[in-house]
Every structure is written in C-alpha cells, then in structure tokens.
Amino acid sequence: MVNKILCATRSGIGGAIVEVQATFVRALPAFVITGLASNSIQESKQRIQSALHHIGFSFPPIKIAINLAPADLAKSGSHFDLPIALLIALQKQNITPDDWFAFGELGLDGSLTYSDTIYPLLLEVSLGHKNAKVILPKAGEELFCHIPNLQIFYANTLQEALDIIAHPEFASSANPASLKFSALDIKGESFYFMRDFALDFLEVKGQEVAKRAALIAASGFHNIIYEGSPGCGKSMIAKRLRYILPPISLKEMIECVKLQALSAQTPSYSPLRPFRAPHQSASKSSIIGSATQNEAKPGEIALAHNGILFFDELPHFSKEVIESLREPLENNELVVSRVHSKVAYPTSFIFIGAQNPCACGNLLSPTKECRCTPKEIAAYKSRLSEPFLDRIDMFVQMQENETNAKPSIDSARMQDAVFGAFEAQKSRAQSSLNGKLSEKEIAEFCVLDEGSMTLLHQATQRFNLSHRSIQKLKKLARTIADIDASEPIEKKHLLEALSYRRIS
C-alpha cells in the first residue's frame with residue numbers, strides 16, 4: 001500500500017504541487033528519498049528520525065521508500081520534513097491523508113518550525129486547490145492567517161499534526177483574520193491605508209508645480225521625472241510621495257509579502273506601499289533579479305511592485321540598467337529569460353527619476369554659472385534614450401529654492417485628494433489605476449469630447465507626438481479630471497496634461 005500526502009516546491013516565483021508518496025517494503029532496513037530531492041530534503045532523514053523518536057515511534061526493520069512526484073521536477077526546502085514524517089508515523093494506522101497538504105520543518109525534538117519558503121507556496125495552493133486542508137507551523141500564523149481559500153490547521157509539534165489528521169472531527173480550522181489597519185470600503189472590497197506621515201509635504205517649501213505633479217502621479221500611478229538644480233527638493237518630494245499613495249488591497253498586500261519572502265526579507269503585512277531606491281552603482285542583476293527556476297530572486301524592479309521605484313541621479317545609472325526598464329514600464333511585467341528557465345515578475349509601480357539639468361547641475365540656476373560646454377550638456381542628456389523617455393508620463397522642471405517660500409499643503413490633504421481620485425477610478429470598475437490602463441481600457445474610460453480631440457490633434461501635429469505619448473496624455477488627463485471630481489475629461493484637464501509632457 002502506498003500512502004500519499006500533498007506538499008509543494010518552488011518553481012520560478014510560484015510553486016508546483018508535489019505528491020509525497022511512502023511505501024514500506026520487506027527488505028534490509030533503509031530510509032531512501034527519491035524524486036530529484038535536494039540536499040535540504042536528503043538531510044531531513046536525521047531530523048525526521050529524531051522527531052519520530054521523541055513521540056515514541058520506533059522505526060520498523062523494513063525499507064522505507066519516499067518518492068516525491070513528479071519525479072522529473074527538482075524539489076528543495078526543509079518544509080518537506082512534516083509530510084514525510086506524517087506518512088511514516090501513520091504507517092500502521094488505517095488513515096489515508098491523500099487530500100491533505102502539510103508544510104513545516106522539524107526540530108530534533110519534534111517541534112515545528114516556520115520557514116520563509118512556505119508562504120509563496122501556500123498562495124499557489126490557494127489558487128489551484130480552493131478550500132484545501134493544510135497543516136502549518138503555528139509560528140507562522142501571523143502571516144498565514146490572511147491567505148484566502150484555505151482550511152488551515154496549526155500545529156506546534158509533530159504529535160499535534162498527527163492528532164489533527166487522525167481525528168479531524170475534533171480539530172477546527174482557523175478562520176481568516178482581518179487586518180487591523182484603517183480601511184476604505186468600495187463596492188464591498190476593503191482597501192487599507194495609514195494616516196501616519198513619517199515624511200510630510202508640509203516640510204517642502206515652495207515648488208507648487210512639483211507638488212501638484214506628485215499629487216497627480218500618486219493618484220494615477222504615473223511615471224515621473226524631476227529635473228532641477230542640486231538641493232531644490234527632488235529627492236525630498238520623491239520620498240514623501242510614498243505616504244500619499246492610494247490605499248492597498250489585500251491581494252496587493254499579499255503580492256508584496258510574497259516578494260519579500262522570495263527575496264529573504266522578513267515578510268510582514270503593511271498598508272504602506274513598497275519604496276525601493278537603489279544606488280546608481282547597483283548592478284544590472286540586482287536591479288532585474290535572477291531567473292534560476294528553483295531559486296528565483298526578485299530584483300529592485302520586482303520588489304517595487306505596487307509601490308515606487310526611485311532612481312536618484314538617474315543619468316548616472318548604467319545605460320544597460322536604464323534600458324532594461326523599458327519592458328517593465330510598458331508591459332507592467334519583467335520576463336527574465338535564461339537557457340534553462342524563464343521567470344516573469346509583476347512590475348506595476350510608479351517610476352520616479354531625479355536628475356540635474358547638466359553634469360555640474362547649474363544649467364537652470366539664475367544665480368550660479370554653468371561650467372559645462374554645449375558638448376558636455378548634450379552628452380549628459382543623451383544618457384537617457386528617446387524610447388526610455390517616451391515611457392515617462394510626466395516631466396517636471398523644478399525651480400531653485402525661493403527665499404520667502406512657505407509651506408502650502410500637507411500630506412493629509414494630498415492623501416485625501418488621492419483617495420477621492422482612487423474612489424472615482426474604482427467606481428468605474430477599472431481593473432487598474434489610470435496610469436496602467438490597457439489600450440482597450442483607455443478607449444473605454446478616457447473618452448475626449450470634440451474640443452479636446454481637436455486640441456490633442458493639434459498638439460500631435462505640432463510636437464510630433466508618438467502613439468504612446470498620445471495614450472499617456474489621455475490617461476494623465478483622466479487622472480487630473482478624477483482629482484477635480486469631473487466625470488468628463490475637459491479641455492483644461494488635457495491642457496494641464498500637455499504641460500507635463502517633454503517636448504523634444
């Protein structure tokens with residue numbers, strides 16, 4: 001007789017379901033594991049033997065064969081300890097746990113330990129096996145309790161896990177827990193947010209145009225580049241933009257936690273969207289990520305998903321890194337291909353770039369003299385290619401700091417405006433925010449009246465706008481109209497959108 005229980009292993013950034021099989025053969029005593037098991041699984045033999053010994057189980061003098069199916073798929077992870085131990089312990093009992101999933105690393109004393117590799121795998125189980133019965137280490141309850149579509153049973157030890165399978169009628173599955181964050185309810189769905197502003201726009205004096213642009217970028221998830229003299233507040237605005245972003249859904253939060261787990265960070269739920277700001281010396285691999293099938297490591301681009309990717313001193317990043325942004329900015333997905341594997345990372349984020357107008361930084365200064373030659377200025381600007389710049393929604397040229405400038409608006413008021421625009425977008429049943437709309441959705445949600453279409457046609461002819469630029473103008477005008485609580489896109493909204501376009 002072959003006993004079976006289910007588990008899963010890493011495959012790209014997702015997982016593949018694995019059937020753990022056990023059979024007991026009358027032969028010389030042995031304990032073998034087959035099915036392309038990695039060293040982390042082969043080493044589990046010692047942990048399993050010790051854990052079973054602690055619950056009073058004696059290994060029978062027979063051959064124990066464990067197979068991980070499908071056998072042609074490489075498996076790794078210490079979370080296979082629990083399913084293998086359960087099958088061995090249930091050998092003499094008339095129990096078939098083939099409809100159960102089990103994950104957990106065993107200690108030598110039989111205790112169950114949480115590992116970060118489990119979380120991404122559970123998401124795969126919840127998508128493909130709804131209402132599946134899963135045994136998990138109680139140490140990870142804080143993370144696991146928000147995953148939908150699963151009947152989760154928690155155990156602290158191997159003995160507790162055995163009791164759950166042996167007597168499921170006495171065990172109760174944990175109900176999905178609610179997040180203890182402030183929430184905005186729209187059409188029956190909750191979106192979570194924070195009202196604590198560690199960095200406040202009230203600290204930014206002057207720069208009204210730049211702050212207005214930040215509000216629009218946050219409301220619609222539009223990509224933006226700030227250009228200005230050193231010290232004028234480019235980075236200051238970019239770092240504060242994170243705190244006024246739209247509220248985040250549970251699905252988006254789970255995606256962020258999954259990426260944290262894959263990148264060996266400490267995963268945690270937070271209504272604060274990600275903010276990634278790599279240094280210009282970062283390598284291409286650290287920005288893009290790896291494509292190893294069993295050990296996919298997301299880079300900065302993927303870790304910024306649902307949040308912000310900020311490149312300070314943008315032209316100083318390598319040409320290769322900047323050009324690698326073209327696909328994720330356009331398709332909201334980054335596909336990293338290698339000979340033996342291909343991994344697709346979701347990349348729906350706001351890209352923020354900050355740059356000086358020239359190498360010395362004084363080209364736009366009314367008080368300081370620029371030391372660059374025309375050739376040096378041209379070389380500096382040529383570091384950013386036209387195809388890359390065409391993917392940017394907004395370009396803002398910042399003023400030098402004004403002596404008597406005063407604070408004008410705080411982050412709380414800006415967040416309220418963003419939330420108003422967010423509700424307008426969700427009320428139209430949009431699947432994504434304005435800046436990430438597809439061609440079909442643009443035609444449906446970004447309709448221009450006759451006067452606005454005439455204006456757009458004139459701008460296209462005069463400034464030689466590409467089709468991509470035209471679509472970005474429509475999306476930008478849609479966001480501005482949402483901020484103004486206007487259902488139709490008016491001419492003034494399109495004019496403001498045109499003011500943020502880069503005219504080459």
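Report the full-extension gain for the segment Gln458 to Glu141: residue separation times 0.36 nm, less the Cα-Cα distance, to one decimal in nm. Intermediate results must be reported in sequence, preceding the final value.
Working: separation 317, 0.36 × 317 = 114.12 nm, distance 5.88 nm.
Result for the pair: 108.2 nm of gain on full extension.
With K and R counted +1 and D and E -1, the other residues having a Cβ less than 9 Å from that of Leu364 yield a net charge of -2. Between Thr266 and Lys130, the contour length at 0.36 nm per residue exceeds the alpha carbon distance by 46.3 nm. Run the paramagnetic zone check for Ser285: 7 angstrom along Cα to Cβ, then residues of region 6-42 with backbone nitrogen under 19 Å. Those under the cut-off are 12-13.
Using Cα pairs under 8 angstrom and six or more residues apart, how large is the relative contact order of region 447-503, in percent?
Numbers: 40 pairs, mean separation 23.8, N = 57.
Worked out over region 447-503, it gives 42 percent.
Can you give the FRET efficiency to the nearest 0.05 for Asp449 and Glu386, using r as the Cβ-Cβ distance and R₀ = 22 Å?
The value I calculate is 0.10.
Net charge within 15 Å of Phe201 by Cβ-Cβ distance, Lys/Arg positive one each and Asp/Glu negative one each, not counting Phe201 itself?
On the way: positive: Arg195, Lys205, Lys211, Arg212, Lys234, Lys239, Arg240, Arg242, Lys406, Arg413; negative: Asp196, Asp200, Glu203, Glu208, Asp410, Asp416.
Spelling it out: positives minus negatives among the neighbours equals +4.
Whole number in Å², please: accessible area per residue of region 152-223, 1.4 Å probe, ligands, DNA and RNA not counted. Intermediate results must be reported in sequence, preceding the final value.
Details: 3540 Å² over 72 residues.
Here the residues of region 152-223 average 49 Å² of exposed surface.
Taken over region 1-154, the ratio of Cα radius of gyration to 2.2 N^0.38 Å equals 0.99. Summarising the label geometry, the points placed 7 Å from Cα in the beta-carbon direction at Lys63 and Thr367 lie 8.6 nm from one another.
Along the Cα-to-C-beta direction of Asn401, a point sits 7 Å from the Cα; which residues of region 200-224 have their amide N less than 19 Å from that point? Output list for this probe position: 200-211.
How would the chain be classified by its alpha-carbon gyration tensor: rounded, prolate or oblate, with rounded meaning a/c under 1.5 and the a/b versus b/c comparison settling the rest? It would help to have the intermediate numbers written out before the result.
On the way: a/c = 2.65, a/b = 2.22, b/c = 1.20.
It is prolate, given that a/c is not under 1.5 and a/b is the larger ratio.
Electrostatic bookkeeping for Leu455 treats Lys and Arg as +1 and Asp and Glu as -1; over the other residues with beta carbon under 11 Å from its beta carbon, the sum is 0. Candidates Gln458, Gln471, His222 compared by Cα position along the dipole of the chain: farthest toward the positive end lies Gln458, with charges placed on Cβ.
Under a 5 Å amide H cut-off, with hydrogens placed 1.01 Å from N, Thr157 pairs with Leu112 among residues at least 5 apart or on other chains.
Of the DSSP beta bridges with both residues in the chain, give the percent that are antiparallel, rounding to the nearest 5. Working shown, then result.
Numbers: 33 of 65 bridges.
Here the share of antiparallel DSSP bridges comes out near 50 percent.
Each Lys and Arg Cβ is given +1 and each Asp and Glu Cβ -1; about its Cα centre, region 256-313 then shows a dipole of about 180 debye. Label separation (Ala198 vs Asp410): 1.9 nm, computed from points 7 Å beyond Cα along the C-beta direction.
I need the calculated FRET efficiency for the pair Ala174 and Ser486, taking r as the beta carbon distance and R₀ as 30 Å, to the nearest 0.05. The partial results should precede the final answer.
Values: r = 46 Å, r/R0 = 1.53.
Efficiency for this residue pair is about 0.05.
Once the Cβ-Cβ distance of Ala378 and Ala27 is raised to the sixth power relative to R0 = 51 Å, the FRET efficiency obtained is 0.05.
Look at where the Cα atoms of region 21-90 and of region 219-235 average out, and the two centres are 56 Å apart.
In debye to the nearest 20, how big a dipole does the chain give about its Cα centre with +1 on each Lys and Arg Cβ and -1 on each Asp and Glu Cβ? Let's see the in-between values first.
Details: 53 positive and 53 negative charges, 175 e Å.
About 840 debye.
Full extension of the chain segment joining His167 with Lys205 gains 7.1 nm, where the gain is 0.36 nm per residue of separation less the Cα-Cα distance. Using only side-chain charges placed at the Cβ, +1 for Lys and Arg and -1 for Asp and Glu, the dipole size of region 341-402 relative to its Cα centre rounds to 320 debye. Given a 1.4 Å probe and the protein chains as shown, Asp416 ends up with an accessible area of around 80 Å².
The values are calculated or read from the model by the stated rules, or taken from the named source; none is laboratory data. None of the values given here were measured: they were computed from a predicted structure. We place every Cβ from the backbone using ideal geometry, glycine too, and count neighbours over all the protein chains shown. Just so you know, the surface numbers come from the protein's heavy atoms only, side chains and all, with ligands and any DNA or RNA stripped out. Shrake-Rupley method; radii C 1.70, N 1.55, O 1.52, S 1.80 Å.
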